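Take a look at the structure set out below.
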Amino acid sequence: MAKPTSTKQGDKEARSVVGFIPVVLVVIVVVLVTRNHPNASANSATSKKTVSKPAGEKVDQGSLKPDPAEQQDLPATLLPETASAEKQRSQAVQRSARALKSKLAKYWTPDTGATGSADSYRTPALDRAFLYDIFNDTAGLAFMGEKLARAIKYGNPIVVGMVGSSVAAGHDNCQYDSFSSQLQRTLQEVFDPAGIKVEVRNAGQGGGCQDSMENQIFCLRHMLGDDVDFTVYTWTFFESGSGADKLRLLHEAFVRWSLMMERAASPILMYAGGCTDKRDQDTVTPVNQNIFDAYGKYGFNILCMTRGVRELGYVKGKTGVTTSGKRGFWGAVGDGLHNITRYGEKETTPERRYSLGVMFRNWHPGPLAFQAASDAYAMRLLAALDHAFTLLESQATTIRPKPSAISATTLGPNGCHVTERADFWSDEALCDSVPVCANHELPTYGKAQITYAKAKDTANPMHDRFSESVSEWQADPSTLIPREERGMPGCAHYDFCRGFRGDFMTYKVPPLKVGYIVMCFIVGNKADVSGDGKFFLDSKPLVLPGISFSKNKCIVLQERWAKGQQNTDAAHYVSVDLTTLPNPHVSHVFGV
């Protein structure tokens, strides 16, 4: 793996750029962004430090404040105190939702004379961003609406969690312009006036860690947290060449595991394109039609970033021009109707104005493409809000304070569709239990279910060989930010490759139903780790099945329990002997 650019070099470049940015840019940025990401001063990729034990860190993403100019027409926060708290929240959300509906209708309507209407806010650019008609999917909207009704009734926070590749991470952009940041600010316009917190958690991880959907979806609980209400999956370019069978398996696992989490998270897939390419027609559409038929009633759908803006005349590679005046795909400005994001309309710095109008940089979406996607997602939640208000007004419907996870039996007793193409997937039953995980990469927002063993844990049969002290490796911050924006606050990305190593490492794993156990590594020659005799389960040496995935980053230690081996009431101890291997660091341990 290529070594990332050093922190010192990145800081030097940022300082040299900042020195030439006009003062007015700094002033505008201070207004737009309220805080830096807390991991901006992370350790160098070449540094090591001794820590007591490895643990996933919860990243406080913070609450990005909306541009005040975007909220100038929003209503007062609450009604007079004579109304109940629930009614205050409900009516405040209704007013702010109508305001956003009108704004989006006006913004996305090509007719320059249109004023936008909250009663007819549907526009082709947003409606058709989803592969399946969201307004005819009343069951799915009702399922989502109950979540929003619960938030309004009890004042609960609304949490959206996103996993994916560098597209999810927002690379080649300022983090402030990513899908997750734009979506959070837009949703805050609706729920802030009612005092309801909105959090969009971005657990995207760049490709430099060699992760993919194959290993990351096993760690939803640790990466996103058990309290998510909605989940988003986006691995567009990693899916290329995977084949329809494997994609159906991975998509269905993501959907089922999301719905089986504590709050029965409503899932979607998101693609950085229009879902119209031949590859999409051969795999994405037919694969997911079956999944939509089975799980559409829980809000499952597919968001295609450029599918809606095609209604405005956007054509990949033809719409918009680059800074050199040439038409093209990478760096071209314009979505067919707009040449800059809404929040960038008052921006005065030429470089920043150009940046905020880009649809794609390299293969990554730019701010304007992320705006189209986040507006489409927000519009779908606005449609679900209509169902929420109906529920709140109904005297016959009881909305419980806390939702319940959906059981595997309710979702369908046959698990996922397993095929020969997915040789690392041992059993249909993998889809019937949410995996447990420890993911050492950053960011994570939940609690690890698998923990590093403690020195005094006498239940660990190999505690006499156990290495309590371990070394940490963490990559430099990503430099995939437009050069002119690297010094701006709020632009730093959240994702960091990270791993831990000790001579003899042991993890405590909670009871497993299937007995599927995997360990993933980062840094060094991972092939050295894959031999027999290096891994142990409850002190017994493991004979590996010879299966690896995610570019050989992850090694299957055990596919399933042997007959009579399963003990669902006891924890297990998984160990790896790295005494003679100085380089590999553990990044993930997960099981089902």
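Regarding region 483-506, can at least one residue be identified that is open to solvent by less than 20 Å² (accessible area, probe 1.4 Å), among the small types (Gly, Ala, Ser), part of a strand (DSSP E or B) and touching a strand residue (DSSP E or B) at 6+ places or on another chain (Cβ under 8 Å)? Yes, region 483-506 contains a residue that is open to solvent by less than 20 Å² (accessible area, probe 1.4 Å), among the small types (Gly, Ala, Ser), part of a strand (DSSP E or B) and touching a strand residue (DSSP E or B) at 6+ places or on another chain (Cβ under 8 Å).
Within region 539-592, the residues that satisfy the criterion of being open to solvent by 40 Å² or more (accessible area, probe 1.4 Å), more than 21 Å from ALA448 (Cα to Cα) and not polar (S, T, N, Q) are LYS540, PRO541, VAL543, PRO545, GLY546, LYS551, GLU559, ARG560, ALA562, LYS563, GLY564, PRO582.
Restricting the search to strands (runs of 3 or more DSSP E) fully inside region 196-281 and requiring at least 3 residues that are hydrophobic (A, V, I, L, M, F, W, C) and surrounded by fewer than 22 Cβ atoms within 10 Å (Cβ to Cβ) gives an empty result.
Among the residues of region 301-330, write down those that are in contact with an Asp or Glu (Cβ under 9 Å, 6 or more places away or on another chain), in a loop (DSSP other than H, G, I, E, B) and modelled with pLDDT of 90 or more. Those that are in contact with an Asp or Glu (Cβ under 9 Å, 6 or more places away or on another chain), in a loop (DSSP other than H, G, I, E, B) and modelled with pLDDT of 90 or more: THR306, GLY308. GLU146 meets each of the listed conditions (1) closer than 30 Å to VAL509 by Cα; (2) open to solvent by 10 Å² or more (accessible area, probe 1.4 Å); (3) not in a loop (DSSP other than H, G, I, E, B) apart from (1). Reported count of residues in region 538-570, each being farther than 21 Å from VAL436 by Cβ and either at pLDDT 90 or above or over 31 Å from the mean Cα position of the chain (by Cα) (or both), is 4.
I'd like the full set of residues that are more than 27 Å from SER478 (Cβ to Cβ) and part of a loop (DSSP other than H, G, I, E, B), limited to region 436-457. Break it down stepwise before answering.
Step one: list which residues in region 436-457 are more than 27 Å from SER478 (Cβ to Cβ), which gives 436, 449, 451, 453-457.
Within region 436-457, GLN449, ALA453, LYS454, ALA455, LYS456, ASP457 qualify.
Annotation note: Cβ proximity below 6 Å between a residue of region 376-398 that is within 13 Å of GLY140 (Cβ to Cβ) and a residue that is open to solvent by less than 10 Å² (accessible area, probe 1.4 Å) and assigned to a loop (DSSP other than H, G, I, E, B) (sequence gap 6+ or interchain) occurs for ARG380/ILE134. Filtered by the rule that a residue be of a type outside the set (Asp, Glu) and either in contact with a Pro (Cβ under 7 Å, 6 or more places away or on another chain) or in contact (Cβ under 8 Å) with a residue 12 or more places away in the chain (or both), region 124-137 gives PRO124, ALA125, LEU126, ARG128, ALA129, PHE130, LEU131, TYR132, ILE134, PHE135.
The residue that is farthest from VAL190 (Cα to Cα), among those in region 348-386 that are assigned to a loop (DSSP other than H, G, I, E, B) and open to solvent by less than 10 Å² (accessible area, probe 1.4 Å), is THR349. Exactly one residue out of ALA168, ALA139 is over 14 Å from TYR377 (Cβ atoms) and either open to solvent by 10 Å² or more (accessible area, probe 1.4 Å) or part of a helix (DSSP H, G or I) (or both), and it is ALA139. Scan region 387-411 residue by residue and report those that are open to solvent by 20 Å² or more (accessible area, probe 1.4 Å) and part of a loop (DSSP other than H, G, I, E, B). Across region 387-411, the qualifying residues are SER394, GLN395, ALA396, THR397, THR398, ARG400, PRO401, LYS402, SER404, ALA405, ILE406, SER407. Among the residues of region 225-252, those that are among the hydrophobic types (A, V, I, L, M, F, W, C) and over 13 Å from ALA264 (Cα atoms) comprise VAL232, TRP235, PHE237, PHE238, ALA244, LEU247, LEU249, LEU250.
Got a sec? Which of LYS534, LYS526 is open to solvent by 20 Å² or more (accessible area, probe 1.4 Å), at pLDDT below 95 and touching a Lys or Arg at 6+ places or on another chain (Cβ under 7 Å)? Let's see the steps before the verdict.
On the way: LYS534 fails: touching a Lys or Arg at 6+ places or on another chain (Cβ under 7 Å).
Exactly one of LYS534, LYS526 is open to solvent by 20 Å² or more (accessible area, probe 1.4 Å), at pLDDT below 95 and touching a Lys or Arg at 6+ places or on another chain (Cβ under 7 Å), namely LYS526.
Somewhere in region 468-475, is a residue in contact (Cβ under 8 Å) with a residue 40 or more places away in the chain, under 23 Å from ALA571 (Cβ atoms) and either open to solvent by less than 50 Å² (accessible area, probe 1.4 Å) or part of a strand (DSSP E or B) (or both)? Yes: one or more hits. Assessment of region 448-456 against the conditions (open to solvent by 30 Å² or more (accessible area, probe 1.4 Å), more than 21 Å from the chain's Cα centre (by Cα) and modelled with pLDDT of 95 or more) yields at least one matching residue. Suppose the filter is hydroxyl-bearing (Ser, Thr, Tyr), closer than 22 Å to MET213 by Cβ and touching a His at 6+ places or on another chain (Cβ under 9 Å); does TYR445 pass it? For TYR445, the condition - hydroxyl-bearing (Ser, Thr, Tyr), closer than 22 Å to MET213 by Cβ and touching a His at 6+ places or on another chain (Cβ under 9 Å) - is met. Enumerate the pairs (first residue in region 571-587 and farther than 13 Å from TYR507 by Cβ and at pLDDT 90 or above; second residue anywhere and among the small types (Gly, Ala, Ser) and part of a strand (DSSP E or B)) with beta-carbon separation below 9 Å, excluding pairs fewer than 6 apart on the same chain, so at least 6 apart or on different chains. From region 571-587, the pairs are HIS585/SER471; HIS585/GLY499.
The values are calculated or read from the model by the stated rules, or taken from the named source; none is laboratory data. Predicted model, so just to flag it, every value in this text is computed and none were measured. Don't worry about glycine lacking a Cβ; one is built from the backbone with ideal geometry, like all the others, and counts go over all protein chains shown. What goes into the accessible areas is simple: the full protein's heavy atoms, side chains included, and nothing from ligands, DNA or RNA. Shrake-Rupley method; radii C 1.70, N 1.55, O 1.52, S 1.80 Å.
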